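Derivation of every value follows stated rules applied to the coordinates shown; laboratory data play no part. If you're wondering where the values come from, they're calculated on a predicted model, not measured in any experiment. We place every Cβ from the backbone using ideal geometry, glycine too, and count neighbours over all the protein chains shown.
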There are 2 protein chains.
Amino acid sequence: MQILEIREKSIPIHSSIRNAVVDFSNMNISAVAVITDIIKEGKRVIGFGFNSNGRYSQSDLINNRLTPRIMELKPDEYINKKGNNFDPVKLKAAMLKNEKPGGHGERAIAVAAIEIAIWDAVAKIAETPLWKLLGGQGAQSKVFVYAAGGYYDAEKGIKGLRDEVNKYLDNGYTWVKIKIGGMSLDQDLKRIDAALELLGSGDKLAVDANGRFDRRRAFQYADALESYGLRWFEEPGDPLDFSLNAEVVARYRNAIATGENLFSLQDATNLLRHAGLRSNVDYVQFDPSLAYGVTENIEIIKMMSSNGWSVEQFFPHGGNLLSLALTGAFKLGGCESYPGVFQPFGGFSDSNLIENGFVNLPEEPGIGFEGKADLHNLLSTLVRD
Amino acid sequence: MQILEIREKSIPIHSSIRNAVVDFSNMNISAVAVITDIIKEGKRVIGFGFNSNGRYSQSDLINNRLTPRIMELKPDEYINKKGNNFDPVKLKAAMLKNEKPGGHGERAIAVAAIEIAIWDAVAKIAETPLWKLLGGQGAQSKVFVYAAGGYYDAEKGIKGLRDEVNKYLDNGYTWVKIKIGGMSLDQDLKRIDAALELLGSGDKLAVDANGRFDRRRAFQYADALESYGLRWFEEPGDPLDFSLNAEVVARYRNAIATGENLFSLQDATNLLRHAGLRSNVDYVQFDPSLAYGVTENIEIIKMMSSNGWSVEQFFPHGGNLLSLALTGAFKLGGCESYPGVFQPFGGFSDSNLIENGFVNLPEEPGIGFEGKADLHNLLSTLVRD
């Protein structure tokens with residue numbers, strides 16, 4: 001058994017939204033197909049993967065730096081011990097051969113796109129959903145999800161925000177996250193008041209500053225937000241400014257959440273060591289699609305546990321089927337969802353609706369892309385000759 | 001005045017060397033030309049830049065993510081206040097528009113390649129060498145350089161290492177750096193003994209583990225190296241493992257050096273905050289070509305100073321004319337050199353020989369690429385139509 005080819009294609013994100021920092025309208029996502037020589041029920045096994053939003057133009061890295069290192073291996077260098085499947089750990093190690101240590105950025109996203117496609121193939125070869133393959137008997141078949149939205153949109157205003165939150169509630173979500181920091185504090189507090197009026201209590205609303213604030217403004221928001229008792233205050237300052245984070249934590253009684261912009265096990269370890277986070281209060285949000293993929297995410301979960309953190313404090317960023325699978329496999333606290341945006345990459349299976357804040361995991365072998373028609377149609381274009 | 005075009009070209013590194021981690025033979029470097037509408041002495045002003053070794057395949061990032069953000073600006077958005085030159089700070093900010101915070105990796109290298117070319121153009125427009133433009137009266141016209149080599153080469157052995165060190169001494173260098181960690185400790189100590197015999201004293205020899213060691217091996221080497229009184233022990237462990245670095249520092253009396261694999265002001269700040277480094281003993285080696293370029297490097301120097309560090313403890317990585325210019329401009333402790341390797345990107349002006357460990361800075365306007373014939377010939381291929 002062997003990998004015959006790895007194909008990459010850059011696909012535009014059709015998303016006319018912005019958060020406090022980023023306008024996504026000109027970006028693309030690299031989708032990857034790992035084409036194997038294995039036939040299951042008359043069909044060739046093909047693993048699919050893609051990376052996260054915001055770090056685009058990965059083609060050169062994927063096609064000219066990482067893929068050749070896999071294609072020059074002999075199959076027996078990446079087959080598992082039993083000889084019945086590929087070994088994703090060996091394949092990831094091969095991609096990182098000749099890489100310098102440190103500086104975890106775009107490389108981590110490019111590796112992830114390929115590594116995720118490898119895991120999709122591996123689970124398909126094992127004829128099981130990835131969440132079951134990884135989690136075994138301990139996996140949860142249903143996971144908590146929350147609706148992340150509340151992006152700024154000049155035209156939509158407070159009324160539009162209300163409509164959005166109502167739509168999430170109608171669609172079965174129970175918690176909502178909205179953006180802050182793109183307007184003045186006063187305007188942001190009005191947005192928060194409007195959302196809370198519909199959600200009922202502070203623990204059902206999280207707010208996200210997307211790493212925008214300097215020290216003064218982080219403190220200003222922390223002080224103003226405290227009495228709301230929000231679920232969490234996300235990325236107050238630069239995601240790598242561990243000292244600033246520790247200062248906000250020391251000042252703010254409720255939960256802080258961060259971690260989506262840390263792209264490696266080492267950076268995640270540094271966060272837990274240096275950023276003052278409280279394992280019984282705060283949340284972490286590492287994104288497998290931004291941080292070398294599934295294998296590294298599993299290492300991060302082990303590192304958290306060995307530092308006394310419960311996996312219930314881990315809510316992976318990403319809003320896609322891969323983050324959902326890992327949440328199910330390892331009983332993480334819950335999974336982010338971006339209803340209706342970053343399509344067709346974002347979101348879960350077509351057949352699994354959100355009910356009372358929970359969603360069922362897909363039963364298809366692999367990550368479950370075949371159960372989301374628009375996404376599967378798009379990914380299939382990679383393998384039509 | 002305006003930037004007419006930004007061109008990028010990937011050029012193979014012809015280098016058959018390896019350190020403890022990396023084989024460079026399949027890599028390339030992105031060279032960039034910033035083509036302006038300005039004519040000086042009958043010739044069009046063109047700024048050149050390139051990035052550092054090891055993080056290759058940057059074309060997609062440079063051409064499709066960063067360059068378009070500059071080319072869509074109006075010239076008055078990037079002209080300085082006096083109206084007589086471009087403003088590199090504004091141009092760098094434009095490249096980072098719509099970028100998510102955190103995760104500093106390949107993006108930092110791609111931005112650097114363009115930003116360095118912009119600074120080269122700016123100094124040419126000002127008709128002055130970059131080191132004078134940045135350093136003014138305070139700049140040093142002559143800087144200390146050391147020879148970084150001692151790469152592993154199975155065929156060359158200890159005799160080859162001796163020949164190499166002797167060649168550096170013959171060519172005017174007084175300090176030498178060699179690799180460690182690619183062989184057993186015993187074999188590495190034999191290499192160190194051989195080099196020291198020629199150099200005379202421990203402070204003329206540095207050793208570099210390239211971030212290879214785990215905790216056990218870092219301690220083993222630290223203990224074994226201490227009595228040699230070496231200039232420095234470089235990158236014992238993962239460059240982002242600040243706690244491990246602090247443990248090595250606590251155990252090792254002599255200097256530790258690190259920083260080349262930290263790609264941003266924030267990462268550099270974290271190093272000084274969390275890695276236990278002693279401002280009066282240890283060295284830092286941030287590389288402008290790996291960390292967003294000249295503007296960010298200046299911010300790093302300011303951050304160091306505000307944390308009580310002398311610039312004499314800063315020896316930038318890179319081994320090229322840009323690192324040399326910054327060393328001269330800001331009176332940094334010295335500049336790394338890789339005699340004969342990473343050609344033609346590595347090395348300094350053809351006319352400036354090393355004498356007693358020092359080299360004169362170039363007098364050509366800009367970074368000085370025009371004074372290194374093989375490099376200039378190569379860069380010129382970017383602008384031949």
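Which residue, B:290, B:342, B:148, has the largest displacement toward the positive end of the dipole of chain B when charges sit on each Cβ (Lys, Arg +1; Asp, Glu -1)?
B:290
So how do B:151, A:228, B:168 line up by other beta-carbon neighbours within 10 Å, fewest first?
A:228, B:151, B:168
Please arrange B:309, B:131, A:232 by how many other C-beta atoms lie within 10 Å of their C-beta, fewest to most.
Taking fewest neighbouring Cβ atoms as first place, the list is B:309, A:232, B:131.
State, in angstrom, two size descriptors of chain A derived from its alpha carbons: Rg to one decimal place and Dmax to the nearest whole number.
When restricted to the Cα atoms of chain A, Rg and Dmax are 20.4, 62 Å.
Taking the rotation axis that maps chain A onto chain B, which residue of A brings its Cβ closest to that axis, and at what distance in whole Å?
A:105, 1
Between the label point of residue A:357 and that of the same position in each other copy, find the distances and list them shortest first in nm, with every label point placed 7 Å from Cα along the Cα-to-C-beta direction.
6.6
Do any trypsin sites (Lys or Arg not before Pro) in the range A:273-308 lie in a DSSP loop with no more than 16 other beta carbon atoms within 10 Å, and if so, which?
Counting only loop positions with at most 16 other Cβ atoms within 10 Å, the trypsin sites (Lys or Arg not before Pro) in the range A:273-308 are A:278.
Just to check I understand the Karplus step: with θ = phi - 60° and J = 6.51 cos²θ - 1.76 cosθ + 1.60, what whole-Hz values come out for the range B:208-220, glycine and proline as x?
Ordered by residue, 3J(HN,Hα) equals 10, 8, 6, x, 7, 7, 7, 4, 4, 6, 4, 5, 4 Hz.
Can you work out ³J(HN,Hα) from phi for every residue in the range A:78-93, in order, using Karplus 6.51 cos²θ - 1.76 cosθ + 1.60 and θ = phi - 60°, giving whole Hz and x for Gly and Pro?
9, 8, 6, 4, 5, x, 10, 6, 6, 10, x, 5, 5, 5, 5, 4
For each of A:142, B:9, B:82, count neighbouring Cβ atoms within 10 Å of the residue's Cβ, then give the residues from fewest to most.
B:82, A:142, B:9
Step through the residues of the range B:58-63 one at a time and calculate ³J(HN,Hα) from phi using the Karplus curve (6.51 cos²θ - 1.76 cosθ + 1.60, θ = phi - 60°), rounding each to whole Hz and writing x for Gly and Pro.
Karplus values, whole Hz, x for Gly and Pro: 9, 4, 4, 4, 5, 7.
Taking Cα pairs under 8 Å and at least six residues apart, what relative contact order does the range A:326-370 come out at, in percent?
21 percent
With a ≥ b ≥ c the root eigenvalues of the C-alpha gyration tensor of the range B:324-385, is it rounded (a/c under 1.5), prolate (a/b larger than b/c) or oblate?
It comes out prolate by the Cα gyration axes.
Just want to confirm a number: the relative contact order over chain B, from Cα pairs under 8 angstrom separated by 6+ residues, in percent.
19 percent
For the range B:3-128, take the alpha-carbon Rg, divide it by the Kirkwood Rh, and send me Rg/Rh.
Value, to two decimals: 1.01.
May I ask which of A:40/A:92; A:156/A:190; B:74/B:97; A:100/B:331; B:179/B:204; A:132/A:372 have a Cα-Cα span longer than 21 Å here?
Those over the limit are A:40/A:92; A:100/B:331.
Please compute, for peptide A:93-102, the average count of beta-carbon atoms on other protein chains lying within 10 Å of each residue's beta-carbon.
Neighbouring Cβ atoms belonging to other protein chains average 6 per residue here.
Counting only helical runs of four or more DSSP H residues, what would the 222 nm mean residue ellipticity of chain A come to if each run contributes -39,500 (n - 2.57) and the total is spread over all its residues?
Computed ellipticity for chain A at 222 nm equals -10000 deg cm²/dmol.
List, shortest first and in nm to one decimal, how far the label point of residue A:169 (7 Å from Cα along Cα→Cβ) is from its counterparts in the other copies.
8.2
At residue A:97, with labels set 7 Å past Cα in the Cβ direction, how many nm apart are the copies from this one, shortest first?
In nanometres, ordered from closest: 4.3.
If you average over every viewing direction, what projected area does the convex hull of the Cα atoms of the range B:264-385 give, in nm²?
8.5 nm²
Classify the protein assembly as shown: rounded, prolate or oblate, from the alpha-carbon gyration tensor (a ≥ b ≥ c, eigenvalue square roots; a/c under 1.5 rounded; otherwise prolate if a/b is larger than b/c)?
prolate
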